1. Give region 318-375 a look and list any residue that's within 14 Å of ligand 2 (Cβ to nearest atom), in contact with a helix residue (DSSP H, G or I) (Cβ under 7 Å, 6 or more places away or on another chain) and farther than 21 Å from residue 417 by Cα, or say none.
2. Among 139, 175, 188, 152, which is the only one that is under 16 Å from the mean Cα position of the chain (by Cα) and polar (S, T, N, Q)?
3. Can you tell me which residue is farthest from residue 259 (Cα to Cα) among those in region 165-193 that are among the polar types (S, T, N, Q) and crowded, with 23+ Cβ neighbours inside 10 Å?
4. Need a quick list: helices (runs of 4 or more DSSP H) entirely within region 25-140 having at least 1 residues that are free of Cβ contacts under 8 Å to residues at least 12 places away in the same chain and touching a strand residue (DSSP E or B) at 6+ places or on another chain (Cβ under 8 Å).
5. Select, from 306, 283, 320, the only residue that is of a type in the set (Val, Ile, Thr), at pLDDT 95 or above and within 11 Å of ligand 3 (Cβ to nearest atom).
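The values are calculated or read from the model by the stated rules, or taken from the named source; none is laboratory data. Remember, it's a predicted structure, so these values are computed and weren't measured experimentally. Glycine gets a Cβ as well: all are built from the backbone with ideal geometry, and neighbour counts include every protein chain shown.
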Amino acid sequence: MTDPVSISFHATDIDAIAAAEGTIAVLIGEEGKLDQAARRVNRLTKGALARLVESEGWGKKKPGEGAVLDWPAGVAAERIVAIHLPRGASVTEARKAGATLAKSLGKAGTLVLAGNARRVADVALGTALMAYDFDAQRTKKADPKGEVRIMTKAPEEAEAAARPLLAAAEGVFFTRDLVNEPANVLTTEEFARRLTEMESLGLKVEVLEEADMEKLGMNALLAVGMASVMPSKVVVMQWNGGGDEAPLALVGKGVVFDTGGISLKPAAGMEDMTMDMGGAGVVSGVMRTLALRKAKANVVGLVGLVENTIAGNAQRPGDVVHSMKGDTIEVINTDAEGRLVLCDVMWYAQDRFKPAGMIDLATLTGAMIIALGHENAGVFSNDDAFCGKLLKAAEAEGEGVWRLPMGQAYDDQLKSRIADMKNVGGRPAGSITAAQFLKRFVKDETPWCHIDIAGVALKTSESATAPKGATGWGVLALDRLVKDGYEG
Ligand code: BES
Ligand code: MN
Ligand code: ZN
């Protein structure tokens with residue numbers, strides 16, 4: 001797994017500044033006022049820092065933005081980064097400051113002079129999240145970044161606040177690696193292996209093989225994976241950190257590659273379908289986070305791992321499959337495979353765990369990108385209170401999400417001439433009819449949210465705390481939901 005940069009907290013020692021190698025970062029509050037450590041940097045550099053913060057350009061810096069002085073005189077460091085972080089900065093702004101810092105990390109290490117700035121733990125999280133580079137498939141690796149040493153007024157406090165956040169950063173990295181990895185590397189077997197490895201963190205991990213799924217009647221899922229040489233699998237991860245209360249269930253779509261099947265996708269852009277296991281990736285990253293920070297909650301994560309491809313034995317348009325629930329599905333389009341995977345895993349999750357709530361995540365529909373672009377995931381729910389909590393958690397973590405409507409008229413689009421339902425509802429409201437399909441597999445008593453992350457799982461440009469590529473969207477929001485709603 002890609003390792004996050006190492007970050008530690010220390011008491012301020014202004015005598016360490018002159019000899020610090022690599023990068024020196026200075027967090028600067030209101031009106032460019034320099035604190036004691038910053039004044040030392042300024043004195044050593046013969047006034048360079050003061051000139052910077054008195055400049056016209058500095059006045060235009062938004063919270064979290066910064067400026068770099070390269071090869072400054074008077075210090076051993078190669079560069080000084082000044083970052084604007086007002087005292088009243090929000091969590092998002094503090095993380096932005098950390099992300100700004102991440103772009104200037106030195107391979108000889110980084111000394112951060114945080115003085116009495118608040119939200120240093122969030123600065124650290126922003127740095128960790130932005131300092132991600134997926135190089136597993138390159139032969140020439142970038143130089144590893146040296147340790148980030150943050151000097152702050154209250155190092156123990158900052159360290160305690162940062163510990164769970166850095167656990168979440170590790171969860172996000174786990175997700176991003178899974179999503180970035182190509183399908184010839186991240187096969188269903190390799191995916192299951194990486195999850196099984198998490199037993200060492202205290203998670204209980206089980207793998208259901210095809211024979212197990214046949215016994216359970218998971219025929220909708222099995223039909224999707226039928227043509228692949230990769231065996232289909234369902235991996236069940238349990239974190240039992242709470243009492244004997246019913247768990248929260250997280251369910252993820254794990255299509256390691258989606259060719260579309262016989263309803264083949266166009267060639268252009270098909271390579272992006274290595275990310276079609278993004279929902280399973282987020283579920284896995286959350287489970288890792290919960291284990292790393294020893295969350296006091298019961299959460300079960302289930303992922304359906306399949307490849308949707310073509311062979312003589314592939315399922316065809318017009319086939320009818322019997323889901324585990326018992327309902328029959330007419331497969332009009334083999335490219336609407338995610339819902340076929342999820343319906344069986346969701347049914348199994350409810351059948352076995354009787355969860356207090358269930359959230360599924362999936363790169364489910366291209367229509368989601370048409371509706372909300374790459375800024376917001378779409379959420380659909382049968383329970384306003386449950387959905388409200390999820391929206392609140394996502395908002396607090398700066399992960400965009402927007403609720404869309406559901407209703408009988410959309411469900412009617414799924415009527416089949418010969419079976420209980422079709423797997424597609426036509427072009428209008430494609431993301432909503434996909435959600436309606438899933439809702440047919442949600443028991444009335446289960447509070448449920450479906451999150452369509454097709455637009456946010458992978459991006460072609462960087463965002464506030466993620467370089468371009470896999471974002472890990474959702475790990476922080478779901479970790480926060482567990483923290484705020486399921487831990488005491
Ligand atoms: N994995 C795709 C959805 C997707 C598209 C995710 C683009 C990320 C980026 C999904 O399996 C799919 O193919 N959906 C179809 C559904 C249609 C056939 C009803 C789609 O969106 O075209
Ligand atoms: Mn598809
Ligand atoms: Zn798909």
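1. The answer is 341, 342, 362, 363, 364, 365, 367, 368.
2. Result: 175 is the single residue among 139, 175, 188, 152 that is under 16 Å from the mean Cα position of the chain (by Cα) and polar (S, T, N, Q).
3. The residue in question is 175.
4. Passing ranges, in order: 56-59.
5. The unique qualifying residue is 306.
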